[in-house]
Every structure is written in structure tokens, then in C-alpha cells.
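The values are calculated or read from the model by the stated rules, or taken from the named source; none is laboratory data. Since the model is a prediction, treat every value here as computed from it, not as a measurement. Cβ sites come from the backbone with ideal geometry, for glycine too, and all protein chains shown count toward neighbours. Calculation scope for accessible area: heavy atoms of the full protein, side chains included, ligands and nucleic acids excluded. Shrake-Rupley method; radii C 1.70, N 1.55, O 1.52, S 1.80 Å.
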There are 2 protein chains.
Amino acid sequence: MRKYTPVNFSNVKLEGKFWRERLETVLTHTIPSQHRKLVEFNMLDSLTMRKPVPPLTIPRRKDGFTTQIFWDSDVGKWIEAASYALSHRRDAVIEAQIEAITLQLEETQAADGYLNCWYLQREPENRWTNLRDHHELYNAGHLLEGAIAYFQATGRRALLDIIEKYVDHVADTFGPGENQKRGYPGHQEIELALIKLYGVTKDKRHLDLATYFINERGSQPHYFDIEREARGESVEAFHQGTYEYNQSHVPVRQQNKVVGHAVRAMYMYAAMADLASELNDNSLKSACETLWRDITETRMYVTGGFGPSESNEGFTTDYDLPNDTAYAETCASVAMVFWAQRMLNIDLDGQYADILELALYNNALAGLSRDGEHYFYDNKLESDGTHARWDWHPCPCCTMNASRLIASVAGYFYSTSNESLAVHLYGTNQATFSIGKTQVTIKQVSDYPLSGQISVAVLPEKVTKFALKLRIPGWDQGATVRVNGTAVDVKANLENGYLAIAREWASGDTVELDLPMPAERVYAHPHVKADVGCVALRRGPLVYCLEQRDNGTEPVNSLRLPRTADVQAVTRDDLLGGIVTLQAEGVCVQSSDWSHDLYRATPPMEIPATLTAVPYYIWCNRGPNPMQVWTRE
Amino acid sequence: MRKYTPVNFSNVKLEGKFWRERLETVLTHTIPSQHRKLVEFNMLDSLTMRKPVPPLTIPRRKDGFTTQIFWDSDVGKWIEAASYALSHRRDAVIEAQIEAITLQLEETQAADGYLNCWYLQREPENRWTNLRDHHELYNAGHLLEGAIAYFQATGRRALLDIIEKYVDHVADTFGPGENQKRGYPGHQEIELALIKLYGVTKDKRHLDLATYFINERGSQPHYFDIEREARGESVEAFHQGTYEYNQSHVPVRQQNKVVGHAVRAMYMYAAMADLASELNDNSLKSACETLWRDITETRMYVTGGFGPSESNEGFTTDYDLPNDTAYAETCASVAMVFWAQRMLNIDLDGQYADILELALYNNALAGLSRDGEHYFYDNKLESDGTHARWDWHPCPCCTMNASRLIASVAGYFYSTSNESLAVHLYGTNQATFSIGKTQVTIKQVSDYPLSGQISVAVLPEKVTKFALKLRIPGWDQGATVRVNGTAVDVKANLENGYLAIAREWASGDTVELDLPMPAERVYAHPHVKADVGCVALRRGPLVYCLEQRDNGTEPVNSLRLPRTADVQAVTRDDLLGGIVTLQAEGVCVQSSDWSHDLYRATPPMEIPATLTAVPYYIWCNRGPNPMQVWTRE
């Protein structure tokens, strides 16, 4: 079913300032500092069996739970991110670190292949007794993704062999057979990892296991009931109360609302989209499309974040998108990039690329600081100044999601089919791939997203006919395109958000794409209570916010941006490494004439004030301070 | 120090519709139904020692705590409210109920006078070991207030004798003596009860004990540290983390910010104001004035509620007054009425009467439904429709605070000094009292707060010279006053919010006071983040709100009230027993033209819409629905 195949990031060399800078930061600072944190917090040490068992590093909650139980996943995710780094440039230190982990895992792995370091060390008798809460399959999935990435970066199979042995054990354990458990993960993730593995091994058992997990999910009698009863636990002891929390309330094809824990949902939807393609399964594709409409039409922040609630790290009700308490987990937006890419490559529909770009450039990118060593777990759209980046977290899932995304971001730029090349993202880079049997090199030049001027040089090894499909973003205000200087009728050739230029391409042919990037106002659906009467600012793919430090001494929410005020883009090379700010002449409510009254009959005085907005992704890189995305109009 | 003495509610006969209706509801429905609830929830049964000890009715929290430990206080508060009812009209059923409780307490009381039903039954060895959390002295205070009220209503001393014996035990136990504990209540309340008792007994030991509790509070070494160490508990086990929670962080005279649990704070400030008067203690008066400025200038809702946070049931930071999560406990506003009355009678300063009236007519009164049997514990200023009244609560403190306030509300109307009568509140009633040695009757006629037209007939038993001091509220827009038809210069005779009319009064003299009551807009200090750009409506003492059911099908927060829109008062005899609504031609954001977009570049369409506001105190009497006090302007 999948019509397009992504061009692997290792074939795309990012050269433009925007992504090259971030990639270098991740390679140079984030990946090594994350390894230091894994050491510092005993997360690597925990991979080795020790007697006596060391005391917990992460304390248990009152209900006995500790996030320490997920540590294998964090190690796996770091290996994945670090391996992507190796794909950019080999590094003996990183490789030695991964080899050391490989040896630890080899020693710890049980004879039957089982490999969960928590259970093997602390409660070996309880393996596979609480899939609902205890993340064994989730951990396995991340170890698998790490092992695949390391194999692909280095060709070394030792780690992948270990994890494949574990996968064999998982495949023996779970399934419809008489002696098998009819279980599936409480925290989805392994499904998409197994499909990746299938891509490497072409072993259909791997695809079958992913399919089993997806198809079995939510069927009756409910597996999580069965294992709960086996544990002798009450229904009430499940603190989340509903299987919507882990999207197992009904079988996946019957799901039509995005519910529950947002990261679990996104990983599952990504796997569903993969399986729809691999199996040509229209019922899965259709379920994905329904869920896509639901999230984009009722449950997504303007920044591409979602899952507003801290209590379930996930979804609540339609249009419930509070700004100051937004959870909008970094991991969830990273996983949305995964899902959107998979949906995009089925039909090349630009709506998926638009959300991919939105989530990537805004909520996901906000999760990592400019220095590459500080993080947001939750991404609020309004802060009173207390929301701050941290350098590590008791549950560091978001840290390695940020690094693995950015280390592989070049993989989201292009897709190919037999007869076409689709360009999804813009920025200076050089990519090489095959169309049919012809090798083609593309050289993009653009300082996108600072501007929308993009030059694409096409360099096929020989003259070749194919369609170059340029994404015209949903936010576009009037793109113009010229091929070797000759204008192309954009509207006439636009299909599902992509401009198709089908011709015989010869080396040196050049396409000039100009995407005008005026500052734009954005309004939310009136049922988004938090945003009524407010306006947000956007320019190109970037959503903007007001940080207090750029906006005077009155609280930032005292500012108002009248509908008639002109909003200007101002390039500021001196600020935050070079950004485009948005400036407008608005007004500001004054507190200076209020003396001691808390309430009064006279309206507050307003005076003119210049509003300065910066891209949302870069906020809180000059220390915590009040911030807002939505401003009164 | 106190210049004025309140006229007891038993000497003021309420006849006007507004208060008479509510009083009748409390006498007829609330008091009897509350007794039924005390029975239904085993709260009366718990006063009698049983072996084996019955299981808990209110479950323990994870930290072992249960609100069942406060039940004595709820019984005491019901006795107080019921006794106020008896002061209006004797009732054999109620009296038998109180006598039955008296017998239970008599049997349960320990030989040494100690009388806490929880401890005596469940952990007799632990009495007085956790004043910080376990409310023994708070319970004693409420039992004492109940006993005093019952004695005053009926002249029967049995209950008061029991509680006085308990007070003797408390006085023996706590104090500066060598064999005494230097303790004081974790939940203040007994201090003001002891001062009430002193008013009955004139026994200085009762005043001294109250003084000791207030003076000792917050001194070092800290008593709550000492008893915590004796219990072998860690510092961290105190889940509130700071002694600001119970206002014992520093001695009371050093306190200059209202902090912590709001109800504890208010009861303590009321006792401090009492003691300032009783002891002529300027340092206490000054501390009260500082705290008064702090709460009224930075920490109070426009409805007279305060204490925005659920986590500490109390105060947070300056200007932190969120509407949708407002805690604004009913009890706290009731206690504010107590404190304000005490401050008012020291100097007759109208600022105290203004807040008394604000808290009484809005946040406090909202706590009880029109049917007298449903309650709000927390009083939000904005609801998404889920906030609903309940008919009982695991911690029913607010229920009896509502009933005891309304049953005695007539006591807030008047105060006397040797040479003057001050009128604080308006409404049809008849009051009798002495000025000097002369008995004077006052007949007020007014449908206040429906209108501001007030007629006061003065009926002294003989011609007498005194000053009639009429409160001119802070919200007044141009009061006019005539004495026997002759206009009085209001401005020239106004002092601290009271118009003084000093003359020889003869029977039949009549004062006509006209307080214009236009609808008014109210604006919050710009640092109140939740209210920026918004306006509230007020008319006379009543703050208004928009309920969804009166305001069309679009969400109530889609409405906007432009600054130029005329706001009309509309009498609606058909609505909620007869109220004045406020109506204005505003605008409403439309969702009908949004199709499926969640965000778009085109601003939302607005169409004209009539806004209808009802008094805040009466909201949610037609079922739960969305509501807001603050509306976009």
C-alpha cells in the first residue's frame, strides 16, 4: 500500500545552518552528556546483575511503582540515538560504550532469551505477570530499535543477535497458541520496532508478531483482566481506571477517538500505519485516518503538541487545550513525527507533512535546549515563569527521544517512488538516492525556516524522466516556482499539497521555489476555551510566543495585539544564534495607576507597547521567564 | 478598645423577604436535614464509646489520616446552628436532639474532663500528642461554641457544664507552667470560643487561655517540632511542608502576609481582633490591620472568597486568583464575616463592613442552596458545568458554617455604643436595644439588596439624643438621605463610611436612605492574571455571574461585554424566587462557520447577543451548568 519510501537520513547530508547546528549540538553535546547521565544515575550499572540487589535509585511511589522499571528502554533509546550519531561519523568512544553495554546485556540475558534487567535482578519469578503496567515489552522494543540502529551504523551484529534471541523468546511466549499468553504491551512500542526488524531480516515471524500484538489488543476476554486476576489484584487498584489509558478499551480498528496516554497512542498509531502498508490492510488505514482527523480537528495544540493532562499524560476531551497546564509531552510530538511520516508515505498527502512539520519545528524541537543538555518533558504554552528546563529527569524518556529524532531528522526530508521524488522539508542539504535504476543527487539551498526561498538543483547521473514533487505547505500564501527560470503554474499542478514537476531531468536543472513567509495570525476554534479572544502568531512552519524578557516590565499577559496591528518579521542575527522575531505595535495594560485597590470600577489604562515574539521552539533558552503563545486580541 | 457592641441577633427580627426567606429555609429545612445527615453518617453514634470499636466510616488516606477525627466539631457546630434556631423559636424536637447529644457526651467524658470522642474511643493513649494535625483543640472549640449557644437559647447549663469541665482540663494541660505543655491548636478555633465563654462567665482564666494560645503561637523552640520529635516522626512526613500552613511560622504579631489554610487564618485573626479589644492590645490590632490590608489588596476574589488553592485549602501568592480552580472555601468566607465584624466594632470603619457585606452576600451565601439542603464547599468563579452542589461531604464543615451564619445573620445588622447606633446592613427588620439607659426600637423597611431604598423609623421609648450612624457602602454612587423629609448633606457628615445623624430622636422620626443601585462594571488589578481583559458586574452588594442556561447555546465564555454596552437591571419576579438580573447587548463568538478546522487564519465571527447575569450567590440552583463571573470585554 505504501507508495513512497523515505530516503534514509544517512543519504541526506544536512548543511544548512538551522538543522546542521542542532545536529552538531546533538552529536557533540547531547549524546555524550546523555551517556554521562546514564552512568551518573546508575542506569548502566543496573544492566549487570548484582548480589545483593542494590537499593532503588528512583524511589517507589506509594502504590509501590517506580519508573526505574523502564530503565532498559532508556538505554535502548540512547543506543539508537548514539548509533544515528555514528551513521553521521564513526566515533570510537561511543562504539566502545555501546560494546560495553552489549557485553552487560549478553551476561544478563537468561538462557531462554528473556532480557529484562529489572525483572531478572529483582523479581525473576514475576516476569510477564503485569504487561499492563510494567513495560517489559516496551523495554524490549526500545532495546530492539537500538540494536537495529547500531547494526545499521556499524554492521556489527552482536547486540542485534542478543535482542533477536529475546524477540524469539517473546514470539514463543505470546500468541494464539495453546501454551502461549494472549498478551500484548501495556505500553506500545515493540510493534513498530518489530516492523523495523522485519525490514532488516525480512523474517515474516517478526511482522507476524507485530501484527498479533496489534490485532489482539482490546479483544475479549481482556488480557489485562486475566493477568490482573492472576495477580489477585482488585479492579480499583488500577489507578488509571480505564483501558482507554493504554488504548486497549476496544480493538484498534474500532477506535475512533484519540484517548489515554499520548505516547502509547502515537507509537501504536505509527505501528498501525506501518502494518496497513505492509499488509495492504485498508481497515487499519481507515482507523488511522479516523484517529488522525480526531486529533487534528479537536485535540492538538497550535504548537503540534497534544495530550493536555498530566494525570494520564494524555488526552482528555474535545477542545480541552489549556495553555498553562499543558502537558504536551515532548515524546508524544516526537512520536507524532513517526506516525505522520508513515501516513504521508502511504498516499503522499500533504496534510500529514504539514503536521509532521508542525510537530517537528515546534513542540518536539522545544524539548531540547540550544546547548543540547537541557530538556522540557512537558511543553506548556503559557508559563508564569516557573516552568524551567531540567538537565535530567526521574523518567528521562524525552531526552533520548529528542536526540534520536534530531540525529535522524534528515530522514524526514525526502521520499521516493519508482517514478518520483517527493521533497517534504526544506533547508540546505545534499541527498543521493535512486529513482528506478538511476542515481540522482539533489542539492537544496535555503535558510528555511528563516526564509522561504529554496533552490533545488537536480543532478541525475544521466538524463532521466521523473516527477519532482515539491511540498507546498498548508500555510502557504502564494508559492511561486520556476524551473530553469521558467514559471510553473503552481495551482494547476498541485495535488494533495505537492506540486508535481514531471519532466526529463538533466544534470544542472534548477528549481526555484519561493514560499512567501509573512507573519500570520492564527485563531483557535471557539470551543477551545483557553484561546477565546486570543490570537497566536505564526510565520512559515514556526509558531511564535512572547517571552517576558523581550516584552517590558508589565506581565506578558497584560499585552494585547489588536487585529489591525501590523506584524513585522525582523531578522535578529544577534539573538539566540540568529532568528527572525515578529514585532507589532500593540498595547499594554498598566498597573502603575492602581495604587492599592484590588478591584475598581474604572477600566485599566492601556498604553502603546511593542510586542516582540520569538519562535516557540527556542523559548526558555535565556533562563525561565513568563511566556505565552496566545495573546489577547 | 472596642467602641461598638453588636446587637445580638435575638433582638433583631428579620422580616424582609431576602433574609427572612433564607432564615426560614435554614430553620425549616437545613437544621433538621443536617441532624438527619449526622445520624445517617454515624456521626452522632460516634459520640458514644462502643466495644468493639466500630470500623471507620470515612476511610483513611494513604498517610493514615481520616477526616473522621474532626467529627466532634461538626456536632458542636450543628448544636450551635440549632441553638440559634431555638433563639428564633423554641422547638421540642431539636431540644431533645441536643439533650440526647448532651447525655452521650456526659457519658463519654473522661473523669479528668477530657472529651474527644475519637481519641477516647480509638487511641486514648495518644491524646494531646499531635496538635498540629489532629484538631483536638479545634473540636473542643466548636463544642464550646455549641454549648454556649444552647445555654443562651434555653438557659440550660448541662451541656455547658460538661464543656466547661473540658475547658478546665485544657487550661490545666496547656500553659507556661512546669508541668504544662506549651502547645496550641494546629487548627485555630478554640481561641474565639474561649473569648465567647469569657463573655458568658467573666472568668478571666478563659480569656487568659485564649491569650496564651495566641501569644505562644509560633514561638521557638517550636511546639510542633517538639511534639513531632516526641512522636518520632520525620520533618518530611508533614505533608504541608511549612508552618505557614497553620500560621505558626512566626509569632502572630510578626505576621504580615495572609498565608496557609484560609479557615485557620480567619478564625485566628478573629480571635486576635477580639483579644485586641479585650486587652486593649495595639500590637494585635496593628497586626490585624496589616493582615487585613494584605488580603483585601492582593488575595481576595471579587466575590469575597479567598484561598485559591485546593492543596493547602488556602493562600498562595499575591494576585494569584484563578477562577476555574478557585477553592474559596465557604467556611473561609463565613469566618471572614466573623473577623470583619470584630474589626468593624473596634473603630466603626466602613471598610470592614464593606468586606463583611461582600463576603456575606456573595461567597458565603453561595455555599447554601435555595432549598437549604445542598452545599458548595469550594466556590469557583468559573465552571465548565461539572461543579455541582452536594448534599453532604466527607468533611461537612461548610454545611454547619452556612447554617450557623444564616441563623444568626441578624446579629450583623446593628451595633451600639453609649451614644450611638450604627446600622451596617439593610433590609426590613425590627430591632430593639438600649442606648445608654433608653430602650430604642428601630423599624427598617427595604427590599435591599433588590433595591437601595431604605426607610428607618426610630422609636425610642422617650426622646433621646444619640447619633444614628448609617453605613454608606463603599460601592455607593450618590446616596441621598432625608430626616423627616429634610435632606441631609451626606458628604459633609460622612466619617469612615458612616453618615452620622446626631439629634434628639423622638418616636416616629423617619430617615429615608436612598442608595442608587446601577449596574456597575468591576475591573481587577492588572496583575490578577486570570482577569486581564475581563470585566465583572456588580449591583449594590451583589456580584453577578453568567450561567450558561440564561445565555444561549454557544459556550458562555464565547460571550463578550463591550465597554460601551449599556447594562440594565431587570426585575424578574418569576426567576429563582424573585431576583434582579442584569442584561446587556454584547456579542458572541460563533462556532457555526468553523467546519472541521481546529485553527485558522480568519478571526472568528461575532454576532450580537444578549447577556443575562444573575447574582453569584444564587447560581447553580437550577442544576449544574457552565458559569463565569468574569467576562471578556
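Here are the numbers for the structure shown:
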| quantity | calculated |
| --- | --- |
| Label-point separation in nm, A:Thr602 to A:Glu99, each point 7 Å along Cα→Cβ | 7.8 |
| Region A:519-632: C-alpha gyration tensor shape, a/c 1.5 cut-off, then a/b vs b/c | prolate |
| Gain in span if fully extended, B:Val53 to B:Gln220, counting 0.36 nm per residue against the direct Cα distance | 56.3 nm |
| Enclosed volume per residue, in Å³, of the convex hull spanned by Cα atoms of region A:140-186 | 61 |
| Computed lengthening from A:Asn42 to A:Lys465, 0.36 nm per intervening residue step minus Cα-Cα distance | 146.7 nm |
| Packing-based order for B:353-366, A:113-126, using average beta carbon neighbours within 10 Å, highest first | B:353-366, A:113-126 |
| Largest-first principal axis extents of the Cα set of region A:244-320 (Å) | 35, 24, 17 |
| Cα centroid of region A:118-152 to Cα centroid of region A:208-253, whole Å | 18 |
| The protein assembly as shown - accessible surface per residue (Å², probe 1.4 Å) | 35 |
| Once the Cα gyration tensor of the protein assembly as shown is diagonalised, semi-axes √(5λ) in Å | 66, 38, 25 |
| Reference-scaled alpha-carbon Rg (2.2 N^0.38 Å with N residues) for region A:444-600 | 1.45 |
| Calculated label separations, B:Pro55, copies of the chain, 7 Å along the beta-carbon direction, nm | 3.7 |
| For B:52-64, mean number of other protein chain Cβ atoms within 10 Å | 0 |
| Average other protein chain Cβ within 10 Å of Cβ, residues A:519-525 | 5 |
| Residue-by-residue Karplus 3J(HN,Hα) for region A:327-339, coefficients 6.51, -1.76, 1.60, Hz, glycine and proline x | 8, 6, 4, 3, 3, 5, 6, 4, 5, 5, 4, 4, 5 |
| Buried accessible area, chains B and A (both chains, 1.4 Å probe, Å² to nearest 100) | 3500 |
| Nonlocal amide H pairs with A:Trp505, under 5 Å, H built at 1.01 Å | A:Thr464, A:Lys465, A:Phe466 |
| DSSP-loop trypsin sites (Lys or Arg not before Pro) across region A:525-564, with at most 10 other Cβ within 10 angstrom | A:Arg563 |
| Interface residues, region B:546-594 - accessible area loss of 20 Å² or more versus chain alone, probe 1.4 Å | B:Pro555, B:Asn557, B:Arg563, B:Val589, B:Ser591, B:Trp594 |
| Carbon/sulfur fraction of accessible area - the protein assembly as shown, other protein chains in place, 1.4 Å, % | 49 |
| Packing-based order for A:59-65, B:269-275, A:516-522, B:608-614, using average beta carbon neighbours within 10 Å, highest first | B:269-275, B:608-614, A:516-522, A:59-65 |
| Peptide B:530-538 - average C-beta neighbours from other chains (10 Å radius) | 3 |
| MRE, 222 nm, helices only [DSSP H, n ≥ 4, -39500 (n - 2.57), over chain A, to nearest 500] | -10500 deg cm²/dmol |
| Of all chain A residues, the one whose C-beta is nearest the axis that brings A onto B, in angstrom | A:Lys62, 3 |
| Pairwise FRET efficiency - B:Glu15 versus B:Arg503, Cβ, R0 = 45 Å, nearest 0.05 | 0.95 |
| Square roots of 5 times each gyration tensor eigenvalue, C-alpha, chain A, largest first, Å | 39, 32, 23 |
